[in-house]
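Here's the structure we're looking at; comments come further down.
Where a number appears in this text, it was derived from the coordinates with a stated rule and is not lab data. All figures in this text were calculated on a predicted structure; none of them were measured in a lab. Note that we place each Cβ from the backbone using ideal geometry, even for glycine, and neighbour counts take in every protein chain shown.
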Amino acid sequence: MVYSLIVKQEIRRSFDHVNNQRWDDAAKGLTPNAYHWVAGDHALGGERHGKQSVKQWFERMGRVFPKLHIDIEQVEVTGWPWNTTVFVKWRANARLLDGQSSYVNRGVHVFKLRWGKVYSMEEYFDSQAAERSLAIQARAGLNEAAAGPIVS
């Protein structure tokens, strides 16, 4: 189906925006009241409502993991334009500020779309790996890595 090919292309493009820290572009595909949830009780965890809060989260992610790179392994699209679900399997890595460690994680994003716009995004991954890496970043002097979640 042509629609699913377009959605796959746009989802891949949004991950490219994240990899290149183009936060405005990454947030363009979100509805104004988008919902975003990330596993864990750490600087990147929690639940947000609204495009601006999600953009703030993207910006924080870029600050706490400035060398983050996400490789997409698989994208699956199901549903119709008025009710689409997208599953994205990925692998992430980032060199950490201590110069010796790396953040490595694997996970799945679940996107819900209506008419090509993301209204819900949930991230499932090893939150303990994220917490360990954020602690290393905080010990290296990046205080925001130890901050509480951005919630709204």
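Taking the empirical scaling 2.2 N^0.38 Å for compact globular proteins as reference, the range 89-152 has a Cα radius of gyration ratio of 1.35.
Using a simple spin-label model with pseudo-atoms 7 Å out from Cα toward Cβ, residue 37 and residue 10 lie 2.3 nm apart. Site pair residue 152 and residue 135 shows an inter-label distance of 3.0 nm when each label is modelled 7 Å from Cα along Cα→Cβ. Note on the chain: with a GNM built from Cα contacts shorter than 10 Å, the maximum mean-square fluctuation among 115, 57, 23 falls on 115. Its DSSP H runs of at least 4 residues, each contributing -39,500 (n - 2.57), put the calculated 222 nm mean residue ellipticity of the chain at -10500 deg cm²/dmol, to the nearest 500. For the range 57-130, applying the loop criterion from DSSP together with a ceiling of 13 other beta carbons within 10 Å to the trypsin sites (Lys or Arg not before Pro) yields 67.
With both residues required to sit in the chain, DSSP beta bridges show an antiparallel share near 90%. The relative contact order of the range 2-146 comes to 22 percent, based on Cα pairs under 8 Å that sit 6 or more residues apart.
Which residue, 130, 27, 92, has the most motion in a Gaussian network model of the chain that connects Cα atoms within less than 10 Å? Among 130, 27, 92, the largest GNM mean-square fluctuation belongs to 92. Prolate is the label for the range 1-147, because the ratio a/c of its alpha-carbon gyration tensor axes (a ≥ b ≥ c) is 1.5 or higher and a/b is greater than b/c.
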